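As structure tokens, the structure follows; a few thoughts come after it.
The values are calculated or read from the model by the stated rules, or taken from the named source; none is laboratory data. A quick note: this is a predicted structure, and the numbers were derived from the prediction, not measured. Note that we place each Cβ from the backbone using ideal geometry, even for glycine, and neighbour counts take in every protein chain shown. The area values use the complete protein model at the heavy-atom level, side chains included, leaving out ligands, DNA and RNA. Shrake-Rupley method; radii C 1.70, N 1.55, O 1.52, S 1.80 Å.
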Amino acid sequence: MAASKPVEPQSGSGLPRWQLALLVGTPIVLGVGAVYLWNRRAKERKRTGERKTPEGSASPVQGKDEIHPLLPKRDPLDRAQAAKNKGNKYFKATKYENAIQCYTEAISLCPKEQKADLSTFYQNRAAAYEQQMKWTEVVQDCSQAVELNPRYIKALFRRAKALEKLDNKKECLEGETFFLFGLYAVGRQGAETNREPMMPSPQFIKSYFSSFTDDIISQPLQKGEKKDEDKDNEGEAAQVTESSGYLKAKQYMEEENYDKIISECTKEIESGGRYTAEALLLRATFYLLIGNATAAQPDLDRVINLPDANVKLQANALIKRGSMYMQQQQPVLSTQDFNTAAEIDKRNPDVYHHRGQLKILLDQVDDAVADFDECILLRPDSALAQAQKCFALYRQAYTGNNPTRVQTAMDGFEDVIRRFPKCAEGYALYAQALTDQQQFGKADEMYDKCIELEPDNATTYVHKGLLQLQWKQDLDLGLDLISKAIEIDNKCDFAYETMGTIEVQRGNLDRAIEMFNKAINLAKSEMEMAHLYSLCDAAYAQTEVARKYGLKPPTL
């Protein structure tokens, strides 16, 4: 991946995922949720932007060794990259023999531990051989690339095409799988789903609301809103509470009886009660939580356009609609909503907190850091903003190959967990950075701390499981932890998706499809659903290819 793009944290199972249950519905909430979507956007850009020309960098994640001190002379990796870049120029000029010579030089210069770069050089040389129709050489170089990175889709596909030219149908199974996957994915586009909306787990919902600190609808019932409060006219107070669907909904929130909230809010709205604006916003929020953005948007629009609505309600509605637009891949509308929220409620820390997430997704890290700083200025005790700022600075340094700033960011994480020892996300984001740096033992300790603080957060178990696969190649322990996540929260779509991906790699395709379908039923946005359908369709395509040739699916 080019340095200007976010680097995907990659697990041993090939999953570039970081999703601590915080991409709720269509809002973007909490730093790790944004990191997950950031990684997915980078991944999708690569997948959909496939070209026949060589790559500037490999699809796998860059490892710890990518970060190295500046030396007086160019080190071997720099010289290898220069040779590769020269080869790319020859390739574009259709001088394939010259390109091959340059790629060969890059391969010979590249340190063996730099697997990401080395896999790219082999894949690029294979692309040049392909233009010369030297299919045996294409297979050999693609195989080298895949050996260095078993999930290198472009190399797998190129090898499959070459094997087909050589009439080797058995070995082209993987490549044809990816081809058929594309056909099935196209068939899914525009298809309507009839999923029954499903409320997420209580832990998921509480995590979502915890990302807002200046939010009226998530606050406990206030004085005068409960039936037993002393007022001049106690009978009137009781009558208001009994007749207010919104106040009943708030009471249900405190009781974690979430399934009744939408219906009670609807009663308030239809009766034109005094809490209509609040009920609209609360109903919209829960529509987003169950993945129904279509129903949520009209409610958000009404709150935003109400002439006499509380500015805090309008700012919150703008944040949620802006996040929804970002999930719908409408960044211009998203940016407009966040900017409007900042204009009407300049001292609302939530605006800057969540706009910082947007800026991360847009790769505008400097602006993201500025927003986090503003949030921290307004609310110095915001541990989430502190942790997310550290991660933004870390990513900027890591992708920019700046070892000094990387270390500064890592020191920043240490400071955050020291000052905010009860903030699970501080440990979680630090664990992600430590994994990038291949400090697996310490990353594992950070996940253990997360579990200690939030034992009901299923996604932490998933990430700890993935770490075992990457660190120790311990499949049994990894699967046990992911199974534990499902046991804790049977609505954790991330756990089902991860399990499905692992089952694909184990060759258990029917089981994988079962897991992907469970995740689809729990998806909270169209983008999430499309991604899951693509995984399910890829597994289905692979079963079709295996059936076609009478083969067993390959295992990785």
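Placing R0 at 35 angstrom, the Cβ-Cβ distance between E445 and Q219 gives a FRET efficiency of 0.50 after rounding to 0.05. In this model, which of K464/K491; K86/K472; K112/K449; K86/K161; K389/K484 are farther than 29 Å apart at the alpha-carbon? Over 29 Å apart, Cα to Cα: K86/K472; K112/K449; K389/K484.
Ranking K359, K442, K89 from most to least accessible surface, computed with a 1.4 Å probe over the protein chains only, gives K89, K442, K359. Summary of the geometry: segment 273-290 and segment 393-431, compared by the centres of their Cα atoms, lie 36 Å apart.
When Rg and the Kirkwood radius Rh are both evaluated on Cα atoms of segment 388-466, their ratio Rg/Rh stands at 0.97.
The modelled label-to-label distance between Q407 and D510, using points 7 Å beyond Cα along the C-beta direction, is 5.6 nm. Here the label points at Q364 and T94, each 7 Å from Cα along the C-beta direction, are separated by 4.2 nm in the simple model.
Solvent-accessible surface of protein heavy atoms, probed at 1.4 angstrom with all chains present, puts Y540, Y461 in the order Y540, Y461, largest first. Net charge in the neighbourhood of K422 (other residues with Cβ under 14 Å of its Cβ; Lys, Arg +1, Asp, Glu -1) is -1. Using a probe of 1.4 Å, the accessible surface attributed to V406 totals some 10 Å² when neighbouring protein chains are kept in position.
In segment 405-540, the portion of solvent-accessible area held by carbon and sulfur atoms comes to 45 percent [1.4 Å probe, whole percent, DNA, RNA and ligands not counted]. For the pair T543 and Q336, the difference between a 0.36 nm per residue extended length and the Cα-Cα distance amounts to 70.0 nm. These residues, V303, V311, go from largest to smallest accessible area, 1.4 Å probe, as V311, V303.
Rounded to the nearest 10 square angstrom, S263 shows an accessible area of 60 square angstrom against a 1.4 Å probe. For D476, the solvent-accessible surface with a 1.4 Å probe is about 110 Å², rounded to the nearest 10.
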